[in-house]
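The values are calculated or read from the model by the stated rules, or taken from the named source; none is laboratory data. It should be emphasised that the depicted structure is a prediction, and the values quoted were computed from it without experimental measurement. Here Cβ is always computed from backbone atoms with ideal geometry, including for glycine, and neighbour counts include all displayed protein chains. All accessible areas refer to the heavy atoms of the entire protein, side chains included, with ligands and DNA or RNA removed. Shrake-Rupley method; radii C 1.70, N 1.55, O 1.52, S 1.80 Å.
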Amino acid sequence: MARSLPLSLCFIMGILMVIQFFIPHPISQSFLDIIIKWVRIIMAFALAIGVRSITFRHYERIKRQKGEWGFSLVTLIALFACAFIGLFGGVGPQSYHRLIYNHVMVPLGATMFSILAFYMASAAYRAFRARTKEATLLLIAAFIVMLGMVPIGTAISPRLSDLAEWLLSVPNMAAKRGILFGVALGGIATALKIILGIERGWLGGKR
Amino acid sequence: MKMLEGLGKIDRRIIFLAMTIAVIFPLLRPLYLVGRVGRRTEELYKAIDRLPERSFLLISIDFDPSSMPELYPMYLSILRHAFAKNLRVIVMGLWLTGTGLAEEGLRTCAPEYHKIYGEDYIFLGWKAGITAVMFGLGRSLKETYPTDYYGKPVDSYPILKEDITYRDIPFMVSLSAGVPGYETWIAYAQTRFGIKVGAGVTAVSAADAYPYLQSGQLTGLLGGLKSAAEYEYLNEKAGYAKAEKPASQLMDSQSLAHLLIMILVILGNISYFAVRRKR
Amino acid sequence: MMPSPEILTWISAFLTLFIFSFLFGDNPIYRLAEHLYVGVSVGYSIAITWHNALYPDLIVPLFKQGNILYVIPLLLGVLYLSIFFPRLSWLIRLPMGFVLGYGSGVSIPAIMQASIIKQIQGTLLKPDIIHRADLLLWGTISLIGVFSTVIYFFFSRERKGAWRSLAGLGIIFLMVGFGASFGYTVMARVSLLLGRIQFLLRDWLGIIR
Amino acid sequence: MHYLLIFFCTLAPLGPIEVFDTPSDAGKCITIKWQPTAGEVDSYEVLRKGEGEEGFAVIGEVASGECSFLDNKVVDGKVYFYKVRAVKGGTILESEVSEAVRSSPQWFSLYRLNVLIGIILFSALVLYFIYHARRGKKLFIRRISGLDAVEEAVGRATEMGRAILYVPGLGSVSDIATIASLNILGEVAKKTAQYSSTLLVPNRDPIVYTVAYEVCKEAYTNVGRPDAFKGDNVFFITDQQFAYAAAVDGIMVREKPAANLFLGMFWAESLILAETGATTGAIQIAGTDAVHQLPFFITACDYTLIGEELYAASAYLSREPLLVGSLKGQDYGKIIILFLLLIGSGLLLLSALRPFKFFSILLGFFEVR
């Protein structure tokens, strides 16, 4: 039962969702709406597992005063304070929760994201070397596109930005499509195997 | 030889520092690097430049704050150009969320040229029902927009004392971040009433607009920050605008960043080939 | 130059600098920011999950509107918590089966439609391009590119002879494509950095306008 | 008088109009079609009269050049009549009243028939090869170059006595990349169990975390070393993308793993992780089907499994006949796609010539809705 029940639930849901796709009738649409809501509800509970893991991990560190346990304290305090403020103070536009979001989450996230500008420079410097034929092609394509996007490129030749556009819309597009076909077929095959209970990796343990 | 090898092992912290300088420097001290002005930017610029004095120019603000960095500088440049050429400007929008930006732009630019609301320019705001607006303007502006954004009857202003239709508007520009946008204007206002349409779009969606340029349905296209900077350059060259050039400044940072990365890659390769030859 | 009087702007500015400090190596202030970020982000998700999912989608229909049907997602959701009790932990497979079945079922037709049929349609050479030499050429190159890239991803065949050359052509397309995407993304990432720098120099320090 | 004559000639009367329940829809919609008038018009107006209503009312206007209208403001089952009129200046030309029509929802979307055929065809292929693989037929898969690197990396970490970091991506359990990654994780965990090296698995998705935990535990049990499994080393960090990236960056610079494996679904954080990992001198292997992130992994990592190679890797490592069989089925799927692309393009180009015009219907088969 520990295996057959989840597998049959998975099978039934999978088949229903595939059939739903082909039915334009309003009944089918409202079925989809309900299921989407349910899935959202079910997924919401999963967060509890995560919260337990993170709490235990940092609690252990603090208890054993292992390593830099002070930082673990920061994490736990921030976690519970933020959750408390949000749960009881609301999450509306005027709430403290939103204030934390705007002045802590946003700057931290946006800065992490913007670090990529630096990393693109260092990664390009380290890896864009004409070691092989392939690496040279990659390097040249990146070069042309980078040049074509800024005024300096057009100053060298107005054709450069056209060439950059061409690289993006012809060979780049073709390569992406080629990858996508393989990925899509793999995706369908795996989904099919999950629904039919052939792929059971998600049950954890032995397939 | 040692030095050449060293070029291949620049400390990443130096790279990061160089990057920071490349990005910050133009913000403090603008360079205004401009290459050749793109053909499509020039087309749009000329279309507005050729309009006789006191003709109507319709600007449709079809974007919201999320596309502001790229499209808003275009709006400012076009406004400045129009005011400097003494055109009569009608501003409206197909996006409710864009009205704030549209108003802000007018408030910034009009005083620079001592333009008076209701005489030299008017802001119609946003209105529900895009099809109705599109068809309505072909029949009568006054019926479609009985009042302006501020709720006063449009015919109480000198600029719209006489009712107008598309026929009286020789050119319009849609600054658009999606649908509804320039495609809507082409589909309705142009195919049916033959108004000439120019567009400004984000860099990502510029490629989608090329077919319209090829078919002649679009007269000029601004794509992304680069075109916005080029427009600022054209304005300045003609002596139309003296104020700040926001797009050019940001574009300078972009240019320097790209340049830096390219120089780094070249240095890395010089060192790579030097070392390989030695072996 | 007029630094912002807002204390909140100062907090955001310092957090921004804390993260940037990582570029020059790991250090205590980065660790502080990192641990704070992790904690706040989980706390944030807890509140959002309650207010935007559990309360409006579950509590309201089940308890306020008395819709008994919503007992099903409640039960399935609660079963996730069975992982905390080793003897019952197999029950977690029920909600997982539900969600996975749903996800797989939705994705099969969606992928077939968007990633296969629509992409085939986009790649096919259309009759209207026959009068435009350039479009015909680009279309043909695209077709060859797609073709050889797909060949590269063949797994059940040894790469020999012509097959090998085709796969090699696929690699060429892949590398040019990756290079072009890399170059294209630089612009977007620099814009993000500009956004942060503008925040620091304009909103915080007031050095630039 | 002369002008008037011309005008009347150009505005020929409207032909009969065609009305029908819009096919393959959710109901509440009727399609109205008409023949264009011979001359120029400003626009067409569509008029409607419901059963039991007084007179016709204008319900919509379309530009000249268009010859159809979708009326989606109708009640299912109610009978309607339509008229179309062409407008040119002040002149109006009306069509005859249409026949009665009513709308209803349908139970099958014909527009999606192509999707159905595709699914049936491809599923049959995959299942056929899985069936054969199960019956013990040996199927060939070529070597995947990035894979040797995985073994090499694990070996190196063991020699150096340092940890291995395994990032199973930021996707959920229903992402194929995540599933492939969890399969590979099982194999990697077996190796680390044998050599008793540390395996760190930070997670972004709580469910992926539980599965990863079970997979690792199982792997350690399978090689007979359940005692060596440390549950603390498989853990959840946060569900927020950049907070997760910040924390994994921290792990990489502090624990200094000898090998970093980024396998699964990734977004913009890909380069943040890979570039930080590169500075610690770790050997890095990435694999993802997220097309947009591949350029960054390729630049910053030592080996990258591109797209489907990630799925293939999980089949190759485990040598599970099911996975191998399915891979074979996928290859045949690709052959069909390539065949369609070549033959389709050829026939469509031919259709530009008049006698082969009928081939242009091919394009319709790939229309999606």
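For the set D:95, C:89, solvent exposure ranked by accessible area (probe 1.4 Å, protein chains only) runs largest to smallest as C:89, D:95. The count of lysine pairs in chain A with alpha-carbon distances below 26 Å, taking only pairs 8 or more places apart or on different chains, stands at 4. Shown are D:129, A:11, whose ranking by accessible area with a 1.4 Å probe and every protein chain present, most to least, is A:11, D:129. Of all DSSP beta bridges confined to the protein assembly as shown, the antiparallel ones make up roughly 40%. Separation of segment B:210-244 from segment A:37-86 is 52 Å, based on Cα centroids. In straight-distance terms, cross-link reach from residue D:138 covers every one of the lysines whose alpha-carbon lies under 17 Å from its own, apart from those fewer than eight places away in the same chain; here that gives D:328. Counting Cβ atoms of other protein chains within 10 Å of each Cβ in A:87-100 and taking the mean gives 2. Of all lysines in the structure, those lying under 17 Å Cα to Cα from residue B:242, and not within fewer than 8 positions of it along the same chain, are B:85, B:115. If you roll a 1.4 angstrom probe over the protein chains with everything in place, what fraction of the accessible area of segment D:245-322 belongs to carbon and sulfur, to the nearest %? For segment D:245-322, the apolar C and S fraction of the accessible surface comes to 50 percent. Ligands, DNA and RNA left out, the 1.4 Å accessible surface of segment A:48-207 is 65% carbon and sulfur atoms. Considering helices alone, the calculated mean residue ellipticity of the protein assembly as shown at 222 nm is -18000 deg cm²/dmol, with DSSP H runs of length four and up weighted by -39500 (n - 2.57) and normalised per residue. Accessible surface for segment B:92-184, divided over its residues, is 44 Å² per residue with a 1.4 Å probe. Which of the residues in segment A:69-85 lose at least 30 Å² of accessible area when you go from the chain alone to all protein chains together (probe 1.4 Å)? Correct list: A:71, A:74, A:75, A:78, A:79, A:82, A:83.
Just so you know, the Rg over Rh for segment D:295-358 is 1.27, from Cα atoms, with Rh as the Kirkwood radius. Counting protein heavy atoms only, chain C has 69 percent of its accessible area on carbon and sulfur, 1.4 angstrom probe. Quick check: from the Cα gyration tensor, does chain C come out rounded (a/c under 1.5), prolate or oblate? Here chain C falls in the oblate category.
If DNA, RNA and ligands are ignored and the probe is 1.4 Å, what is the ranking of D:294, D:350 by accessible area, most exposed first?
D:350, D:294
Build a GNM of chain D with springs between Cα atoms under 10 Å: which of D:167, D:84, D:324 gets the top mean-square fluctuation? Checking each option, the largest mean-square fluctuation is seen for D:84. For the peptides B:36-46, C:197-207, the ranking by packing is B:36-46, C:197-207, with the highest mean count of neighbouring Cβ atoms within 10 Å listed first. Rounded to 0.05, the FRET efficiency of the residue B:238 and residue A:162 pair, given R0 = 30 Å and the Cβ-Cβ distance, is 0.70. Other protein chain C-beta atoms within 10 Å of residue C-beta, averaged over C:49-56: 5. Look at where the Cα atoms of segment D:80-132 and of segment B:1-77 average out, and the two centres are 47 Å apart. Mean partner shielding of peptide D:214-222, defined as the number of other chain Cβ atoms within 10 Å of each residue Cβ, is 3. For segment A:1-127, the solvent-accessible area with a 1.4 angstrom probe is 45 square angstrom per residue.
Solvent exposure of segment D:160-266 amounts to 28 Å² per residue of accessible area, where only protein heavy atoms count and the probe is 1.4 Å.
Restricting segment C:75-178 to trypsin sites (Lys or Arg not before Pro) that sit in a DSSP loop and have at most 15 other Cβ atoms within 10 Å of their own Cβ leaves C:87, C:132, C:157, C:159, C:160. According to the square roots a ≥ b ≥ c of the eigenvalues of the Cα gyration tensor, what is the shape class of segment C:1-125, taking rounded for a/c under 1.5, prolate for a/b larger than b/c otherwise, and oblate for the remainder? Verdict is oblate for segment C:1-125. For segment D:230-245 and segment A:169-202, write down the distance between their C-alpha centroids in whole Å. Measuring centre to centre over Cα atoms gives 27 Å.
For residue D:195, the accessible surface of its heavy atoms amounts to roughly 120 Å² (probe 1.4 Å, protein chains only, rounded to the nearest 10). Here the alpha carbons of chain D define both size measures, Rg and Dmax, at 31.6, 104 Å. Both chains summed, the buried accessible area for A and D stands near 5200 Å², from protein heavy atoms and a 1.4 Å probe.
Note on residue D:49: aspartates and glutamates with a C-alpha under 14 Å away, same-chain residues under 8 apart excluded, are D:71, D:96, D:99.
Compute the Cα gyration tensor for segment D:142-268, then decide on rounded, prolate or oblate, letting a ≥ b ≥ c be the square roots of its eigenvalues: rounded whenever a/c is under 1.5, prolate when a/b is larger than b/c in the other cases, and oblate in all that remain.
rounded
Here is the interface size for A with C: some 9800 Å² of accessible area buried, both sides summed, with a 1.4 Å probe.
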